[in-house]
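Asks: To start, I am sharing the structure in question, which I have written as structure tokens.
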Amino acid sequence: MNKKETELRYDSISDDWVIISPIRADRLKKKAIIGCPFCSIETQEKPVLVYSNGVRSDTKDLKNWTTVVIPNKYPIFVPFQKSKEKMEENIYSKIKSGGFHELIVTKDHEKSLALLPLDKIKEVLNCYQERIIEFKDYDFVKNVVVFHNNGKEAGASQTHPHSQILTIPLVDKEFRIVLENHENYFIKNNECLRCKTNKEEKKFKKRIVFENKDFIAYIPFAPKFTYQTIITPKRHFSRFEEITEEEKESLAEIFKEILSKFYKGLNNPSYNFFLHTAPLDKEYPNFHWYFSVFPRKAALAGFEMGAQMEIPSIYPEDQASFLRNQK
Ligand SMILES: [Zn+2]
Ligand SMILES: [Zn+2]
């Protein structure tokens, strides 16, 4: 058995999959590098996408890059590993699969997304969109996970701002439940659950943090973390990659607003954000995509880990009012 192959293993007790990725261990073993690897991008893997001041440029031209997509040096998945569909053995099953694991890096080492101008945030959104569209050509890609870790408490191993994009050959349990909830709500009510939620939030107003012509951002009625903020389009569509140019401009604006409010109000906290967009394995017309953004403070303790439930001490309405007032 090749020790470096990534495996997905299924736990029938919790109905969860885990990813065992031995190649990732090399990341922890590597010797301390002097200086930032992303500030000398030419030392990294060959880019798959390069932006230079708003224009997509040749991947060989790294002279004037402003945003770049590079394969992760320590990937969870490698693209063309031979895939093996589910192998079952009594109560155990596992999958081996190829996959992509890439980093989206913005040029300025010091500037997190909150501090970047709108056109540079839009470049990052362009990269998410273009890579998802390109991944559609690969059978082993069933689901694309886009996320961003900023700061130590959020699990970022490099301080240089970067997002990650990872393809996985299945839909994890938590997201499967989200998709099913949208489907079931639609069957019962002939309406999208997120469109309905957006309507309710607009009526109630008190949980809204920011809104522009195409997007709305609010603290959910029952947030999973304190200050968790949902950013979602007003127009119903299930796939992030179908976003228009104009909507991308609005999304860059609302992202900057929300992250700046975190930066000012919560003193430049560590944070994660995560894109929930329809998986690529089939159509999900009744799903409505969204970003979930959340600052990270204390590590999760026993109850939170065991019950997967945080205990915020601030009402969501007060969390929203606090963020709204950060200008
Ligand atoms: Zn750097
Ligand atoms: Zn909708």
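Readers should treat all values here as calculations from the given coordinates under stated rules, not as data from a laboratory. These numbers come from a predicted model, not from an experiment. Here the Cβ is made from the backbone with ideal geometry for all residues, glycine too, and neighbour counts use every protein chain on show.
Asks: If you build a Gaussian network model of the chain, linking Cα atoms that sit under 10 Å apart, which residue out of 97, 57, 292 swings the most?
Replies: Of 97, 57, 292, the most mobile in the Gaussian network model is 57.
Asks: Something else: Calculated from DSSP H runs of 4 or more alone, at -39500 (n - 2.57) each and per residue, what is the 222 nm mean residue ellipticity of the chain, nearest 500?
Replies: That comes out to -8500 deg cm²/dmol.
Asks: Further question on the same structure: Out of region 36-139, which GluC sites (Glu not before Pro) are coil in DSSP terms and have no more than 12 other C-beta atoms within 10 Å?
Replies: In loop regions of region 36-139 (DSSP not H, G, I, E or B), the sparsely surrounded GluC sites (Glu not before Pro) are 110.
Asks: Something else: I want the local charge near residue 295. Using Cβ-Cβ distances under 14 Å, sum +1 for each Lys or Arg and -1 for each Asp or Glu among the other residues.
Replies: For residues surrounding residue 295, the net value is +4.
Asks: Checking the cross-link filter: which aspartates and glutamates have an alpha carbon closer than 17 Å to that of residue 261, excluding same-chain neighbours under 8 positions apart?
Replies: The reachable aspartates and glutamates, counting only those whose Cα sits under 17 Å from residue 261, are 211, 253, 317, 318.
Asks: Right, here's the next one. Go through 100, 147, 178 and say which Cα lies farthest out towards the positive end of the charge dipole of the chain; charges sit on Cβ, +1 for Lys and Arg, -1 for Asp and Glu.
Replies: 147
Asks: Using a/c under 1.5 as the rounded threshold, could you call region 218-267 rounded, prolate or oblate? The axes a ≥ b ≥ c are square roots of the C-alpha gyration tensor eigenvalues, and prolate needs a/b larger than b/c, oblate otherwise.
Replies: oblate
Asks: Still on this structure: Around residue 316, with a cut-off of 9 angstrom between Cβ atoms, what is the net charge of the other residues, counting Lys and Arg +1 and Asp and Glu -1?
Replies: Local charge sum for residue 316: 0.
Asks: While we're here: Which cysteines in the chain lack any other cysteine whose Cβ sits under 4.7 Å from their own Cβ?
Replies: 127
Asks: Net charge near residue 304, counting Lys/Arg +1 and Asp/Glu -1 over other residues with Cβ under 13 Å of its Cβ?
Replies: Neighbourhood net charge equals +2.
Asks: Additional query: Only Cα pairs within less than 10 Å get springs; with that Gaussian network setup on the chain, which residue of 66, 229, 167 has the largest fluctuation?
Replies: Largest GNM mean-square fluctuation: 66.
Asks: Calculate the spin-label point distance for residue 318 paired with residue 203, positioning each point 7 Å from the Cα along the beta-carbon direction, and give it in nanometres.
Replies: 2.6
Asks: Filter the GluC sites (Glu not before Pro) in region 236-294 down to the DSSP loop ones having no more than 11 other Cβ atoms within 10 Å, then list what survives.
Replies: Those satisfying the criteria are 283.
Asks: Another question about this same structure. For the chain, with a Gaussian network of springs between Cα atoms less than 10 Å apart, report the residue from 36, 195, 127 with the top mean-square fluctuation.
Replies: Checking each option, the largest mean-square fluctuation is seen for 36.
Asks: Here is a follow-up. With a cut-off of at most 15 other beta carbons within 10 Å, and DSSP calling the residue loop, which trypsin sites (Lys or Arg not before Pro) in region 235-273 qualify? Please list them.
Replies: Answer by residue number: 235.
Asks: What are the residues whose amide H is under 5 Å from the amide H of residue 93, where those residues sit 5 or more places off or on another chain and H is modelled from the backbone?
Replies: Distant-sequence amide H within range of residue 93: 10.
Asks: Under 11 Å from the 7 Å Cα→Cβ point of residue 212, by amide nitrogen: which residues of region 243-285?
Replies: 246-258
Asks: What does the charge dipole of the chain about its Cα centre add up to, to the nearest 20 debye, if the Cβ of each Lys and Arg holds +1 and the Cβ of each Asp and Glu holds -1?
Replies: 700
Asks: Label the chain by shape, choosing from rounded, prolate and oblate, from the square roots a ≥ b ≥ c of the eigenvalues of the Cα gyration tensor; if a/c is under 1.5 it is rounded, and otherwise prolate applies when a/b is larger than b/c, oblate when it is not.
Replies: Rounded.
Asks: Cut-off is 10 Å between beta-carbons; in what order do 4, 136 appear when sorted fewest neighbours first?
Replies: The order, fewest Cβ neighbours first, is 136, 4.
Asks: Does region 217-327 come out rounded, prolate or oblate, given a ≥ b ≥ c as the square roots of the eigenvalues of its C-alpha gyration tensor, rounded meaning a/c under 1.5 and, failing that, prolate meaning a/b above b/c?
Replies: oblate
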